[in-house]
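Visitor: My questions all concern the structure below.
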Amino acid sequence: METTQEPSPEATSPYSRSLSEEERLLLAQHELEASMQAWDAAEVLVSQRLHRDALARAYFGLFHAARALLFREGYDARGPNTAVEVLSLRFAAEKELPPELPAVLARGQRYRELCDFGVGFVVTPERVLAELEVYEEHRSGLLAMLAARGVKRAS
């Protein structure tokens, strides 16, 4: 009877680099495109004064840019909580990213949940625009890191 060896937990952990080079590039490119589309949607929603929806879309613009970096570096961090943790442990702790980025991402996740499900959650246009400015600052940094790693928007 032939037995197959199970992969070690370390090999399949989102906290270790487990993606092949081909997967890294493909997934990072898809995430970059998702980031661009979400950010474009947020801008349209702001112009239409749909601020709750704009805040949720802008979060996804930031989230997908962060996940693109994680994928490019080989981390299979698909969920939002795992993405925040890996960003904290692997990038912010090493000062490769601003230390507040994981917290901004976590706050954005909470706002997104409130925008979609919070019955009494009220946002003002000023608050949304201020939050989007913070997201864009971090997103721009992530996009620059991606470009330096060969991940750019397809023409």
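Visitor: From the residues in the stretch 1-31 that are polar (S, T, N, Q) and part of a helix (DSSP H, G or I), which one is modelled with the highest pLDDT?
Guide: Step by step, filter the stretch 1-31, then rank; the result is Gln29.
Visitor: Something else about it: Evaluate the stretch 83-103: report whether one residue or more is of a type in the set (D, E, K, R), surrounded by fewer than 19 Cβ atoms within 10 Å (Cβ to Cβ), under 12 Å from the mean Cα position of the chain (by Cα) and not in a helix (DSSP H, G or I).
Guide: no
Visitor: Next question. Quick check on Arg127: is it surrounded by 15 or more Cβ atoms within 10 Å (Cβ to Cβ) and charged (D, E, K, R)? I'd like the intermediate steps shown before the answer.
Guide: Numbers: surrounded by 15 or more Cβ atoms within 10 Å (Cβ to Cβ): no; charged (D, E, K, R): yes.
Taking the combined requirement at face value, the residue does not satisfy it.
Visitor: Something else about it: Here are the criteria: (1) among the β-branched types (Val, Ile, Thr); (2) open to solvent by 50 Å² or more (accessible area, probe 1.4 Å); (3) within 13 Å of the chain's Cα centre (by Cα). Tell me which single one Val122 does not satisfy.
Guide: In the conditions (1) among the β-branched types (Val, Ile, Thr); (2) open to solvent by 50 Å² or more (accessible area, probe 1.4 Å); (3) within 13 Å of the chain's Cα centre (by Cα), Val122 misses (3) alone.
Visitor: Can you say whether Leu146 is assigned to a helix (DSSP H, G or I) and in contact (Cβ under 8 Å) with a residue 12 or more places away in the chain, as far as the supplied structure shows?
Guide: Here the answer is yes, as Leu146 does meet what is asked.
Visitor: In the stretch 50-80, what residues are free of Cβ contacts under 8 Å to residues at least 24 places away in the same chain and in a helix (DSSP H, G or I)?
Guide: Arg57, Leu70
Visitor: Would a scan of the stretch 122-136 turn up a residue that is out of contact with any Gly (no Cβ under 7 Å at 6 or more places or on another chain) and within 30 Å of Glu22 (Cβ to Cβ)?
Guide: no
The values are calculated or read from the model by the stated rules, or taken from the named source; none is laboratory data. Keep in mind the model is a prediction, meaning the values are calculated, not measured. Every residue, glycine as well, gets a Cβ built from its backbone with ideal geometry; the counts of neighbours run over all protein chains shown. We work out accessible area using only protein heavy atoms, side chains counted, and drop any ligands, DNA or RNA first. Shrake-Rupley method; radii C 1.70, N 1.55, O 1.52, S 1.80 Å.
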